[in-house]
Amino acid sequence: MNSSSLIIMLDHVSKKYHQKYAIKDINITFNEGILHMITGPNGSGKSTILKCIMGILHYDGNIQIQPVKIGYAPEHYVMPDYMTILDFLYQIGRIKSNNSITLNEDLNKLLELFQLKEHQNQMIGKLSNGMKQKVNLIQALIHNPKILLLDEPTNAIDTLTEKNLINYIKTRSKTSLIIISTHQPEKFAFKNKKVYTIQQGCIQG
């Protein structure tokens with residue numbers, strides 16, 4: 001791979017569950033500087049592709065990816081109910097970030113972006129699904145990753161936060177490698193994007 005640009009390359013990647021393919025013979029090269037969207041119905045394999053890239057699942061085939069910071073927001077993220085939003089995200093930031101000096105500043109900016117600043121001391125166990133989704137997204141962004149994988153990022157969030165998120169992704173996609181799965185690709189009305197449609201585990205077209 002060219003070390004001067006970020007690339008994720010999937011080469012004949014397949015994943016089976018009990019002899020049934022979740023994804024089959026996927027060949028895609030994702031490049032930086034463009035938004036990549038994977039779309040398709042529930043159970044089509046969108047999340048499985050992201051999990052394979054993250055190394056969460058064992059798979060057949062080969063995935064090449066550079067050793068850079070990766071941010072991943074799964075569709076369902078398990079968080080500790082007993083921690084506050086601020087405490088949880090601060091601890092995640094300390095684990096992920098190489099620059100503790102700017103952590104507080106970066107975290108404050110993200111809390112403002114996702115409309116969570118005034119709720120930062122609430123316990124995670126008492127949050128709505130929409131607020132938990134915002135925390136999920138922030139934990140993926142807190143360390144300024146060069147590669148960003150977002151699984152259904154607009155699920156359950158309010159209209160203003162969705163607008164802020166889409167604008168954020170639009171800006172970041174110019175200089176980073178971003179892949180999202182979404183049921184609603186029309187929400188991301190970017191000129192510089194590529195859409196991959198997956199059905200029954202196979203990329204269409």
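The values are calculated or read from the model by the stated rules, or taken from the named source; none is laboratory data. As the structure is a prediction and not an experimental result, all values here were calculated from the model. As a convention, Cβ positions derive from the backbone with ideal geometry for all residues, glycine included, and neighbour counts pool all protein chains shown.
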Looking for something within 11 Å of the chain's Cα centre (by Cα) and at pLDDT 95 or above - is there at least one such residue anywhere in the range 112-130? no
Odd one out for Gly61, checked against (1) closer than 18 Å to Pro153 by Cα; (2) at pLDDT 95 or above: (1)
Which ones in the range 152-167 are farther than 18 Å from Ser47 by Cβ, buried (at least 16 other Cβ atoms within 10 Å of the Cβ) and among the hydroxyl-bearing types (Ser, Thr, Tyr)? Thr161
Can you name the residue in the range 76-127 that is surrounded by 14 or more Cβ atoms within 10 Å (Cβ to Cβ) and among the hydroxyl-bearing types (Ser, Thr, Tyr) and is also farthest from Asn155 (Cα to Cα) among such residues? Ser97
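Hey, among Ile178, Ile147, Ile198, which residue is surrounded by 16 or more Cβ atoms within 10 Å (Cβ to Cβ), in contact (Cβ under 8 Å) with a residue 60 or more places away in the chain, closer than 25 Å to Ser44 by Cα and touching a His at 6+ places or on another chain (Cβ under 8 Å)?
Of Ile178, Ile147, Ile198, the one residue that is surrounded by 16 or more Cβ atoms within 10 Å (Cβ to Cβ), in contact (Cβ under 8 Å) with a residue 60 or more places away in the chain, closer than 25 Å to Ser44 by Cα and touching a His at 6+ places or on another chain (Cβ under 8 Å) is Ile178.
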